[in-house]
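Visitor: So that we are looking at the same thing, I have put the structure below in structure tokens.
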Amino acid sequence: MNSDKSIELFNKSKTCIPGGVNSPVRAFQAVKRTPVFIEKANGSKIYDVDGNEYIDYVCSWGPSILGHTNRSVVEAVKKACEKGLTFGAPTENEYVLVKLISEMIPSMEMTRLVSSGTEAVMSAIRAARGYTNRDAILKFSGCYHGHSDGLLVKAGSGALTQSVPNSKGVPNDYTKNTLIAEYNNEKSVEDLFKEYGDKIAAVIIEPVAANMGVVLPKKGFLQFLREITIKYNALLIFDEVITGFRLGTGGAQEYFGVTPDLTTLGKIIGGGMPVGAYGGKKQIMEVVSPVGHVYQAGTLSGNPIATAAGIATLNILKNTPDIYKRIELQTNKIVNAVKERFGDEVCVNNIGSLMSIFFTSSKVVDFSTAITSDTNKFAHYFGYLLEKGIYMPPSQFEAMFISCAHTDDDINKTSDVIKNYPNLN
Ligand SMILES: *Cc1c(COP(=O)(O)O)cnc(C)c1O
């Protein structure tokens, strides 16, 4: 595998972009390599600047569920471009996209479009605080909700009541209202509600955690959160930036049959363009300005190109729902190959078209079990696959994404490469 051009571009980029990248995981630090720079993509494949071809299992971290350069999406974008890139005034497509979202996710009676998942979550939390007149929020160890200050809180069993930011530059004051519970641990939630019940504006959770690797909610856990939030008059927010339109047309809330008060979306709803959205009960969303007194705005919010890409993507998903069966079956084939090769040496967590392979013999059910993984083993596995033309997420703690552009050939090739992974010693 030749990577001369990637290395040259990386070195140049490092002189003027922190770490050479515009989002940290892209730097391949966690897998002890230097990144490949991508030139183009098509269907299930991405191509780097040195001409190497890879089967892509990152799919831009989720958005490319239809595969890259889907014809209808690209055509919709081109058509929208001809009419103007941005107006800073309302357009029909914003209504069309939001209406489509509410048809597919009925709990989103009213929705505001923004430009990223980070912004969606930050705004949903502001709305929840404005609506309840409470300040605290409860999140879970290992769940990622974007990089806004109050949510960049280190998890850890010792930090049940004291939340310490896990990024420099975030004052302790900004995270003092962030309470941390353990994923899949009902008692950790109950304890916090007993102590701070009248201060908690909302519980926020990734209904399937996908940012500590994929971790599934245990049976009844989401329902438990629904009930305890009702009991204490707090809101329940599902961060479906990954699971929305990934687990099915109705997201995780449909999959598990648990309805949150507010939902945040991103990734897939932009079809590859920068978009986010937050929405929920009309009564709650009407606290948002200009109807209510919770301020939130954006120059490029509801951007015409992004909404065009989002509408085209959601329409395909809505009209061909058997996509979800197909991508799940493809994912299961890879799961089987991993199990055949590694057996009990690894823990494989999968649901729908999301999966992670953890290099640990523990069952991964939360953050503390996720971090028992051997990241050196993962790095080796990643490098082996990359050299064989298979592009996996460059971190042990990220999900792998399968798209409907992955062909049987892609899946078979990937499975064979995994089954032939050499013994390490
Ligand atoms: C990616 C992600 C975000 C942040 O979205 P950005 O568009 O990267 O800002 C928030 N929540 C979850 C669950 C995510 O996976």
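Visitor: Please find, among Thr263, Thr259, Thr313, the residue that is in a helix (DSSP H, G or I), touching a helix residue (DSSP H, G or I) at 6+ places or on another chain (Cβ under 8 Å), among the hydroxyl-bearing types (Ser, Thr, Tyr) and more than 30 Å from Lys377 (Cα to Cα).
Guide: Answer to the selection: Thr313.
Visitor: I need the full set of residues from the stretch 18-56 which are in a loop (DSSP other than H, G, I, E, B) and more than 16 Å from the ligand (Cβ to nearest atom), in order please.
Guide: Of everything in the stretch 18-56, those that are in a loop (DSSP other than H, G, I, E, B) and more than 16 Å from the ligand (Cβ to nearest atom) turn out to be Phe28, Lys32, Arg33, Thr34, Pro35, Val36, Phe37, Ser44, Val49, Asp50, Gly51, Asn52.
Visitor: Within the set of pairs 6+ apart or on separate chains, which have a first residue in the stretch 401-425 that is more than 11 Å from Ile327 (Cα to Cα) and in a helix (DSSP H, G or I), a second that is acidic (Asp, Glu) and at pLDDT 95 or above, and C-beta atoms under 8 Å apart?
Guide: From residues that are more than 11 Å from Ile327 (Cα to Cα) and in a helix (DSSP H, G or I), the pairs are Lys419/Glu340.
Visitor: Please list, ordered by residue number, the helices (runs of 4 or more DSSP H) wholly in the stretch 58-139 having 3 or more residues that are within 15 Å of the ligand (Cβ to nearest atom).
Guide: In the stretch 58-139, the matching helices (runs of 4 or more DSSP H) lie at 117-132.
Visitor: So, of the residues in the stretch 258-284 that are of a type in the set (S, T, N, Q) and buried (at least 24 other Cβ atoms within 10 Å of the Cβ), which turns out to be nearest to the ligand (Cβ to nearest atom)?
Guide: Taking the candidates together, the pick is Thr264.
Quick grid of which residues meet (1) within 14 Å of the ligand (Cβ to nearest atom); (2) modelled with pLDDT under 95; (3) farther than 16 Å from Ile137 by Cβ; (4) outside any loop (DSSP other than H, G, I, E, B):
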position: Tyr174; (1), (2), (3), (4): no, yes, no, yes
position: Val203; (1), (2), (3), (4): no, no, no, yes
position: Lys218; (1), (2), (3), (4): no, no, yes, no
position: Ile242; (1), (2), (3), (4): yes, no, yes, no
position: Ala252; (1), (2), (3), (4): yes, no, yes, yes
position: Tyr255; (1), (2), (3), (4): no, no, yes, yes
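Visitor: Identify all residues within the stretch 267-295 that are in a loop (DSSP other than H, G, I, E, B) and either at positive phi or at pLDDT below 95 (or both); write none if there are none.
Guide: Gly272
Visitor: Right, something else. Quick check on this structure: which one of Val98, Val74 is over 22 Å from the mean Cα position of the chain (by Cα) and modelled with pLDDT of 90 or more?
Guide: Val74
The values are calculated or read from the model by the stated rules, or taken from the named source; none is laboratory data. Quick caveat, the model's predicted, so the values are computed rather than measured. As a convention, Cβ positions derive from the backbone with ideal geometry for all residues, glycine included, and neighbour counts pool all protein chains shown.
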